[in-house]
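Throughout, read-outs are computed from the coordinates displayed, never taken from laboratory work. Note that the coordinates shown come from a computational prediction; the quantities given were computed from them, not determined experimentally. Neighbour counts run over all protein chains shown; Cβ positions are idealised from the backbone, glycine included.
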Amino acid sequence: MTLGTIKTRKQLIAMTMLWTGICVFLSYVICFPVAGVPAEPKFLITAILCPAIMAPAGAWVFGSLMMRLHQTSEELRHALERDHLTGIYNRQFLMTLLDSIRPDEDTVILMADIDHFKNINDTYGHFAGDKVIQKVAQTLEANCRATDMVARFGGEEFALVMRGAALGNSISAAERMRDAIAKQNIEHDGQILSVTISVGLAPRHGCEDISEIFKAADLALYKAKELGRDQVQIAA
């Protein structure tokens, strides 16, 4: 049993008992060969040496437990914040992050949707659909600023929050992302898949209710779909 294999309380107790037995045995063996030392002092020496030998073992066990707790905490945090398929933020965590943005801060919401995604699932299967979603997520994240927040909003839909961005710059960024995705070749089972996205943008303009901005961006997205897809539209 090693540090990485301690996963349950029973395993931790077993490891502690094992180390205790080893330490007691070693401390007695160390004392036993001392010539001219009567039996009673040997046990006294054992009693003194045993805690000294066990201290590193106890520290090791405690350190193992703390490292395991830290690892579990990180795994839990990642599960709460990230979408399991793409690794980008999930919708719930994105909405939580938005609470920290002041209404008067320049912010643009971008909604993007993969065009004809149902056809991909129906034609090539859901594994191909998953690969397309992952590739689109990677491309969106690779083509935005470090301060932008990218999330999978649900299904084949994504949301981007651009803080401190002017509308003109956000439109340019959206066009760059749309173009980058259209140029991607996604390989699946020896076949090359190509996809496009439709995008809707909405500036916040000091609106207190962030959900209204998402609705406006969604309406712009639907307009992009109606006008032929593979394009960027701005909320009225």
Can you go through ALA128, ALA146, ALA142, ALA165 and tell me which one is of a type in the set (Gly, Ala, Ser), in contact with a helix residue (DSSP H, G or I) (Cβ under 7 Å, 6 or more places away or on another chain) and either surrounded by 20 or more Cβ atoms within 10 Å (Cβ to Cβ) or more than 22 Å from LEU219 (Cβ to Cβ) (or both)? ALA128
Of the residues in segment 90-112, how many are touching a strand residue (DSSP E or B) at 6+ places or on another chain (Cβ under 9 Å), surrounded by fewer than 19 Cβ atoms within 10 Å (Cβ to Cβ) and farther than 13 Å from VAL150 by Cα? 3
Quick one: what pairs do we get from segment 177-195, first residue touching a residue at least 40 places away in the same chain (Cβ under 8 Å), second among the acidic types (Asp, Glu) and not in a strand (DSSP E or B), C-beta under 9 Å, 6+ apart or different chains? ARG178/ASP230; ALA182/ASP230; VAL195/ASP115
It is to be established whether one or more residues within segment 173-183 are under 16 Å from ALA112 (Cβ atoms), touching a Lys or Arg at 6+ places or on another chain (Cβ under 7 Å) and not hydrophobic (A, V, I, L, M, F, W, C). no
